[in-house]
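First the structure, in the form of structure tokens, and then the observations on it.
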Amino acid sequence: MRRTATRTAAAASTLTMALVLSGCLGQEQESDAGRNADAKDVTLTITSNSDAGGKNEINARWIEEWVIPEFTKQQKDKGVNVTIEHDGIGVDDADYKAKVALDFGTDIGGDIVEIDGIWLGEFAQGGQIRPLTDVVGDEVDSWDGWDQIPDAVEALGAFEDQRYGIPLGTDGRVIFFNKKLFAKAGLPADWQPTSWEDITEAAVALKKLPGVVPLQLNAGTAMTEATTMQAVLPLLAGTGSEVWADGKWQGGTDDMTAVLDLYQRIYQGGLGDPVLQQEAKGRDKSFEMFSQNKIGILFEGDYLWRGVLSADGVAPMADRDTAVGWAKIPARTPGSGVDGQDFVSMSGGSIRVINPKTEFPQQAWELLEFMNSAEATKVRLGDTAQITQRDDVNAEVLTGDPMLSFVAEEILPITRFRPGLADYPKVSAALQQATADVVAGRSAAEASAAYQAAMVKAVGEDAVSGG
Amino acid sequence: MVDAPPARRTGRARDTAGIGVARAVTFVSPALVLIGLFLVFPALWTIYIGITDYTLTGTASVAPKIVGLGNFVEALDDALFGNALWLTLVFVLGSAVIGQNFLGFALAWLLRGARPALRRVVESLVLMSWILPSVVVAYLWIALLDRDGGTLGALIGSPGTAWLVEYPMASLVVFNTWRGTAFSMLLYSSALAAVPPSQLETARSVGASGWQTVRDVVFPHIRGHVLTNTLLISLWTANDFGPFLLTAGGPNHASETLPVFIYQQAVPSGRLGYAAAVSVLLLLVNLVVSAVYLLLLRKRS
């Protein structure tokens, strides 16, 4: 009898537990934007993917050595005691995203969080971040800084026509090449390919140099978003297609097969190093090899120039200014790009959002405004250059840097942005897998068919074109 | 689990400790509460998440829906899950059941008669690989197997082989054998001490070979140890996340064992519901493996 009673009790408690649990998954809280507005002791945390002494060092040092002391001082004059911490790590974007996503699920996340603009859609749809006017209030829209931010850049921080965050700036994809290796292979220093054919021809010429990987076009799942952003999407744009058009995602179309066919020519034709694409730290290694004159041509964003090869970058190249050349990414053939363009590119950028769970929404906004002032933005750059969010700052800082003024003048007018939709990460994962298949030895046609099937499974047949 | 064998159901036989049922319950209840809190509760929680479409971000993170057995059906139909299950099997068989077991026994057997000094040195070296933190070990192995200037490439004179990319599973099996052999070695060392020396003497005097001695004299004595050891290391290996630090499941899923697959689905892909369902399947596989071993152990006695 006793045993039966125990069992009944156990079953009952299990059931109760299950019922309690079922109420917990994914609840969203509402809160008051004016909470703690008059607090005298304020604690704020800034979360970023940067680390003093590691990745994005400039950003980390700026936060720790300028933003924190200056803002603390400014607030002290107003009689408010502010303590700001920098929760900075320097890791792969995918790992950082996982950290941020987990942080948002708890109450310990930062108050101001730096995220890649392309993650905005899924975080916004999940309620992990909310429109600035909800979190802070309507005064957000009257910030004078918005006038300085171009619409295309501001769109990085917006979802469904609502502002969620302030962008840090933008970037562009180009083809970087090593002029020293080009000279040895008999190629011009002012190289500008006008078709994919031109690129593979140059790679064939570079192949003669011993110990040199002619061409690296990011591929595979280990490279995560870098595969999609630096390579697949610009190539796809060069065929005249966009990954998201007329309410449908690009399926295994002829254009997609053409992109995968270029991968096949490069990686199965000995023009690129397939092993590098599959290593767990392949992208970091490609940076290192480029800086050591071991890679001829590399598709990358301007981050390579300002954050990797620069003196304080992760793989400094002493003779960067003379040895590194850059060119626009050509369409498959002249005029075959999106909107009939001859050259194409892709852009993105990080944004800073305010965590809706912050204890101090008003103070967090004040800090965010402070971090995005013209002065703060200029200090962030120091003597380096970057395409920032602010036109007034860009006008001053870009003139001194030939590469970044090239991006601002030549690339931004022809570039495209990724669709900030919640399904995008699934599509990106499918694109990475398709290139991984080709690098691993499958044919472009097979990989394209597998991609079509994966897309139908990921987003539904109605949302996929072609096949 | 804690029930007495059904044959003895009288009150006295159940109260073997002689302290009364009420007191016995009082004594075990702290342990049961801990087990409930940290084992039963998370397991039920996992099963619950496993029947939803809960995600880390996006709409399903706000309002997850119950999808019943949908995740389980999808897993059984997912080529990547099949791949992960197969690789886990290869990993467990290769590195635990065969690798650690045999190497551990061989070391214990050979060191039995060795000089104490030599024995201590070898044992400490083997133990080192077991007690070092995973992250440190992973770093050392990447340095060993790396394509550019890796130690192994330099030693065997074939630089340029990216072991972790070209032979990912073989590398992981060797790595995990190296990593976990210490436990088997220690367990077999003490098990061998329990083999009566007189029987070994007898075997030697009738001219039995080394293998015959192991098979006919030693093995019957340590059969229980072999089963226990194999059970423990199989379960540890099946659940081991170490491979992630070396290959992250790559290249192209070629070394994605179940724990890595679950992590990839749960965190980078954000599919918490699906990952929870696969976790439950891994739990089931573990339970089946344990049941088989326990059955074998029971047969022995």
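The values are calculated or read from the model by the stated rules, or taken from the named source; none is laboratory data. Remember, predicted model here, so these are calculated numbers, not experimental data. Note that we place each Cβ from the backbone using ideal geometry, even for glycine, and neighbour counts take in every protein chain shown. Note: accessible area is taken over every heavy atom of the protein model, side chains too, but ligands, DNA and RNA are not part of it. Shrake-Rupley method; radii C 1.70, N 1.55, O 1.52, S 1.80 Å.
Give the angle, between 0 and 90 degrees and rounded to the nearest 10, that separates the Cα long axis of helix A:282-291 from the longest principal axis of the Cα atoms of chain A.
Around 50 degrees separate the two axes.
Could you tell me the distance between the Cα centroids of the stretch A:197-272 and the stretch A:41-119, to the nearest Å?
35
Can you tell which of B:288, B:144, B:224 lies farthest toward the positive end of the dipole of the stretch B:75-300, using +1 and -1 charges on the Cβ of basic and acidic side chains (Lys, Arg; Asp, Glu)?
Result: B:224, furthest along the dipole toward the positive end.
Add -39500 (n - 2.57) for each DSSP H run of 4 or more in chain B, then divide by its residues: what number comes out at 222 nm, to the nearest 500 deg cm²/dmol?
-21000 deg cm²/dmol
Given +1 on the Cβ of Lys and Arg, -1 on the Cβ of Asp and Glu, and no further charges, what dipole in debye does the stretch B:35-150 carry about its Cα centre, rounded to the nearest 20?
Magnitude of the dipole: close to 740 debye.
Could you check which residue among B:263, B:48, B:274 shows the biggest mean-square fluctuation in a GNM of chain B with a 10 Å Cα cutoff?
The residue that fluctuates most here is B:48.
Set the Förster distance to 51 Å, then compute FRET efficiency between residue B:121 and residue A:209 from the Cβ-Cβ distance, nearest 0.05.
Between residue B:121 and residue A:209 the formula returns 0.55.
Can you list the lysines whose alpha carbon sits under 22 Å from that of residue B:65, skipping same-chain ones fewer than 8 residues off?
Counting by Cα, and skipping residues close in sequence, residue B:65 has these lysines nearby: A:426, A:457.
Using a Cα-Cα cut-off of under 15 Å, which aspartates and glutamates could be cross-linked to residue A:208, ignoring same-chain neighbours fewer than 8 residues away?
A:273
Considering all alpha-carbon pairs of the protein assembly as shown, what whole percent are spaced by more than 45 angstrom?
Everything past 45 Å amounts to 35 percent.
Given labels modelled 7 Å from the Cα in the Cβ direction, how far is it in nm from residue B:44 to residue A:107?
Once both label points are built, they end up 2.4 nm from each other.
For labels at residue B:86 and residue B:215 in the simple 7 Å Cα→Cβ model, what's the distance in nm?
Taking the simple label geometry, residue B:86 and residue B:215 are separated by 3.4 nm.
In nm, what is the difference between 0.36 nm times the number of residues separating residue A:66 and residue A:83 and their Cα-Cα distance?
4.7 nm
Once you average over the residues of A:94-105, how many Cβ atoms of partner chains fall within 10 Å of each Cβ?
3
Have a look at B:47, B:156, B:131 and tell me which one the Gaussian network model of chain B (Cα, springs below 10 Å) gives the largest fluctuation.
Maximum among the listed residues: B:156.
First measure r as the distance between the Cβ atoms of residue A:461 and residue A:152, then evaluate 1/(1 + (r/R0)^6) with R0 = 35 Å and state the FRET efficiency to the nearest 0.05.
Taking R0 as 35 Å, the efficiency between residue A:461 and residue A:152 is 0.60.
Give me the inter-chain shielding for A:383-395: mean count of other chain Cβ atoms within 10 Å, whole number please.
The mean count of partner-chain Cβ atoms within 10 Å per residue comes to 0.
Give, in nm to one decimal, the length gained when the segment between residue B:65 and residue B:206 is fully stretched (0.36 nm per residue of separation minus the Cα-Cα distance).
43.6 nm
With all protein chains present, calculate the accessible area of residue A:149 using a 1.4 Å probe and round the result to the nearest 10 Å².
10
Within the stretch A:235-262, list the residues whose amide N lies under 19 Å from a label point set 7 Å along Cα→Cβ of residue A:445.
Only A:251-262 pass the distance filter.
Given R₀ = 30 Å, what would the calculated FRET efficiency be for residue A:162 paired with residue A:312, taking r from the Cβ atoms and rounding to 0.05?
Step by step, r from the Cβ atoms, then E = 0.25.
Hand me the tally of lysine pairs in the stretch A:24-179: alpha carbons under 19 angstrom apart, and the pair either on different chains or 8 or more positions apart.
Lysine pairs meeting the criterion: 5.
Relative contact order for chain B: what is it in percent, counting Cα pairs under 8 Å that are at least 6 residues apart?
28
Determine one quarter of the surface area of the Cα convex hull of the stretch B:75-300, which equals its mean projected area, and express it in nm² to one decimal.
15.0
For residue B:262, what is the net charge nearby, where nearby means another residue's Cβ is under 11 Å from its Cβ and Lys, Arg count +1, Asp, Glu -1?
Result for the neighbourhood of residue B:262: 0.
Can you give the mean number of other chain Cβ atoms that lie within 10 Å of the Cβ atoms in peptide B:61-67?
Shielding by partners across B:61-67 averages 4.
Could you give the nm distance between label points at residue B:24 and residue A:245, where each point is 7 Å from its Cα heading toward the beta carbon?
7.6
Quick one: Cα centre-to-centre distance for the stretch A:376-441 and the stretch B:132-174, in angstrom?
The two parts, judged by their Cα centres, are 35 Å apart.
Please figure out what share of the DSSP beta bridges in chain A is antiparallel and state it in percent, rounded to the nearest 5.
Of the beta bridges lying entirely in chain A, close to 55 percent run antiparallel.
Return the loop-located trypsin sites (Lys or Arg not before Pro) in the stretch A:144-227 (DSSP other than H, G, I, E, B) with at most 13 other Cβ atoms within 10 Å of their own Cβ; answer none if there are none.
A:208
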